[in-house]
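A.B. asks: One structure is given below, represented as structure tokens, and several questions about it will come after.
Values in this text are rule-based calculations from the coordinates and carry no lab data. Note that the structure is a prediction, hence the values are computed from the model and not measured. Neighbour counts are summed over all protein chains in view; Cβ atoms, including those assigned to glycine, are modelled from backbone coordinates with ideal geometry.
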Amino acid sequence: MSEVTDKKETLKGGEYIIKDTVYQDVFTPEDRGEEENMIDQMCKDFLNAEVIPNLDRIDSMEEGLMPSLMTKAGELGLLGLTVPEDLGGMGMDFKFSLLATEALGAGHSFSVAYSAHTGIGTLPILYYGTEEQKQKYIPKLVSGEWKASYCLTEPSAGSDANSGKTTAKLSEDGNSWILNGQKMWITNAGFADVLTVFAKIGDDKNLTGFIVDAHTEGVTMNAEEKKMGIKGSSTRQVFFNDVKIPKDNQLGAREEGFKIALNILNIGRIKLGAGVLGGAKGAINESVKYANEREQFTRTISKYGAIRHKLAEQCIRTFATGAATYRAGQNIDDMIKSLEEGGLSKEAATLKGIEQYAIECAIIKVYGSEALDYVVDEGVQIHGGMGFSAETNIERGYRDSRINRIFEGTNEINRMLIVSMILRKAMKGEIDLMGPAMAVGKELMGIPDFGAPDDTLFAAEKGYIKNFKKAALMIAGSAAQKVGDKMAKEQEIVMNISDIMIWIYVAESTQLRVEKMVATKGVDACTEELDIMRVLIYDIADMINKAGKDCLNSFVEGDELRMMMMGLKRFTKHQPLNIKDARQRIALRLIDKGEYCY
């Protein structure tokens with residue numbers, strides 16, 4: 001495990017599973033300064049003034065409304081927070097984009113349009129475009145004069161995006177590209193001016209990117225898709241019929257399109273985590289407000305234990321999502337700065353920095369989207385019959401939430417990626433999994449060293465997390481050894497291992513956030529946050545135990561299985577905790593404040 005030093009150590013992506021992090025090295029939502037708070041408030045003011053009062057109009061797809069809102073966001077500077085100043089942006093750190101995405105995450109369909117424009121719509125050109133392309137497109141995308149869309153998915157190419165059949169070939173005079181094909185589920189397509197399109201050239205194995213003016217002859221679209229949720233988000237099929245674009249509109253190198261798509265998806269995943277965080281906080285506000293107003297059996301329903309349990313669990317999962325999201329955001333910013341100091345351009349450093357934490361981005365996408373699904377589902381339950389009525393925002397939130405487990409790669413794909421990326425890094429020697437895994441194996445064969453009891457604050461939680469990591473190394477190491485090259489086909493095993501790795505990252509991020517809060521504010525000011533951390537880790541211990549057992553039973557047997565099961569039991573052991581009273585305290589503070597207050 002890493003030693004605590006005065007020098008900040010930024011762990012590589014995936015290294016959290018084998019190394020410790022000290023709280024001084026993480027950024028938490030409580031670390032926001034005056035500038036961050038100003039951006040946060042500006043976003044919330046914009047939502048309250050322009051979006052929330054018009055949600056029904058937005059969902060009815062009122063002509064011109066969504067693009068006008070995007071233009072207003074551009075006038076405020078919200079479409080270019082991290083874009084360099086010489087291209088019309090504010091030149092802020094990556095964390096600022098997370099902050100704005102979170103604040104606007106309660107904007108339902110608007111938040112989807114915003115995220116698509118500022119993320120997958122703008123960033124491919126910013127990071128991979130030529131200087132001429134950037135100068136032509138980025139300032140107008142930042143101002144909101146032009147709106148952007150991203151055309152990757154096809155009817156037969158969803159998760160396997162590189163199998164797309166859209167083609168590009170040079171014209172006879174060699175001055176233009178001719179595009180033919182079909183894209184579907186394209187966000188912002190109905191009002192986009194600029195399309196980033198991925199197509200195959202000839203017999204190329206990989207995609208190539210192209211910048212297309214949406215108003216070019218041959219670009220046509222189907223009517224707006226009728227969807228379960230995010231009804232106000234423009235989603236259309238886009239067709240390219242001999243669409244002629246300048247040769248200079250190729251984006252990046254030939255066959256670099258698949259790499260562009262993957263790197264932009266990494267950004268989209270962590271930003272989705274920030275967006276669902278804002279959505280979850282909004283849904284909790286709706287839930288507690290209703291619970292404080294609704295009376296049954298002569299008492300407001302917020303006085304009942306069953307409701308308080310739901311409210312507390314909503315807060316726990318939302319708090320944990322925030323801890324993980326901003327921890328990774330800080331890691332990315334630190335890596336970008338380090339790479340810039342090493343001589344890389346801002347764009348190249350940003351791409352490489354985010355790519356380094358692709359594992360953490362996938363973790364945040366999965367955990368955050370499922371946390372929001374829990375929050376809105378229980379929000380509907382708290383509302384009872386009213387929660388099923390379209391008169392309430394919680395009903396809209398419930399429907400809008402569901403897409404997040406599909407956006408930016410399904411959660412199943414992301415779970416498989418988490419494990420494959422960690423194993424790939426280990427095989428390349430980028431992180432040392434073998435050494436720690438072998439150490440855990442030796443520990444299983446030896447007599448447990450319980451050591452002297454440590455009753456200092458956070459000692460127990462750090463010990464639990466350390467043991468969770470041992471459980472993950474034991475299970476993943478054994479699976480890699482026994483299942484080997486067939487691992488990718490054993491998806492149930494991969495899913496179990498991935499869940500364990502997700503829970504460890506979230507548990508550690510939450511512990512670090514609370515430890516930093518206590519160091520800043522003192523123990524007495526953080527009673528409920530300590531409860532959040534303890535309940536989360538308590539529950540995760542059992543979750544890891546169950547997933548671990550399911551996994552080991554799939555490929556280990558006999559004496560070896562019995563030994564590993566004993567090890568798993570040891571590594572997921574947790575002292576008794578009165579989680580009922582802890583959840584009561586978490587809920588009571590929420591009920592007293594009348595809004596999300598963590």
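A.B. asks: Could you tell me how many degrees, from 0 to 90 and to the nearest 10, lie between the Cα long axis of helix 131-143 and the main elongation axis, the longest principal axis, of the Cα atoms of the chain?
C.D. replies: So the inclination is approximately 70 degrees.
A.B. asks: Mean residue ellipticity at 222 nm from the helices of the chain, using -39,500 (n - 2.57) per DSSP H segment of n ≥ 4 over the full residue count, to the nearest 500 deg cm²/dmol?
C.D. replies: -18500 deg cm²/dmol, from helical runs alone.
A.B. asks: Looking at region 211-257, which trypsin sites (Lys or Arg not before Pro) are in a loop (DSSP not H, G, I, E or B) and have at most 15 other Cβ atoms within 10 Å?
C.D. replies: Sparse-neighbourhood loop trypsin sites (Lys or Arg not before Pro): Lys226, Arg254.
A.B. asks: While we're looking at this one, here's another question. 5 Å is the cut-off here: which amide hydrogens, built 1.01 Å from N in the peptide plane, fall below it relative to Cys151, excluding neighbours closer than 5 in sequence?
C.D. replies: Thr196, Val197, Phe198
A.B. asks: Right, here's the next one. Calculate the FRET efficiency for Lys573 and Asn292 from the Cβ-Cβ distance with a Förster distance of 41 Å, rounded to the nearest 0.05.
C.D. replies: 0.60
A.B. asks: A follow-up question, please. How much length is gained on full extension from Met563 to Lys580, taking 0.36 nm per residue of separation minus their Cα-Cα distance?
C.D. replies: Details: separation 17, 0.36 × 17 = 6.12 nm, distance 3.36 nm.
Stretched fully, the Met563-Lys580 segment lengthens by 2.8 nm.
A.B. asks: Given R₀ = 51 Å, FRET efficiency for Glu132-Ala519 by Cβ-Cβ distance, to 0.05?
C.D. replies: Values: r = 50 Å, r/R0 = 0.97.
Efficiency computed from Cβ-Cβ geometry: 0.55.
A.B. asks: For region 494-575, run through the trypsin sites (Lys or Arg not before Pro) and keep only the ones in DSSP coil with at most 13 other Cβ atoms within 10 Å of their Cβ. Don't skip to the end; give the middle numbers.
C.D. replies: On the way: sites: Arg513, Lys516, Lys521, Arg534, Lys546, Lys549, Arg562, Lys569, Arg570, Lys573; in loops: Lys573.
In loop regions of region 494-575 (DSSP not H, G, I, E or B), the sparsely surrounded trypsin sites (Lys or Arg not before Pro) are Lys573.
A.B. asks: For the chain, what are the per-bin percents of Cα-Cα distances with bins 20 Å wide, up to the bin holding the maximum?
C.D. replies: All Cα pairs considered, the percentages come to 20, 53, 26, 2, 0.
A.B. asks: By how many degrees, between 0 and 90 and to the nearest 10, does the Cα long axis of helix 257-293 differ from the longest principal axis of the chain?
C.D. replies: 60 degrees
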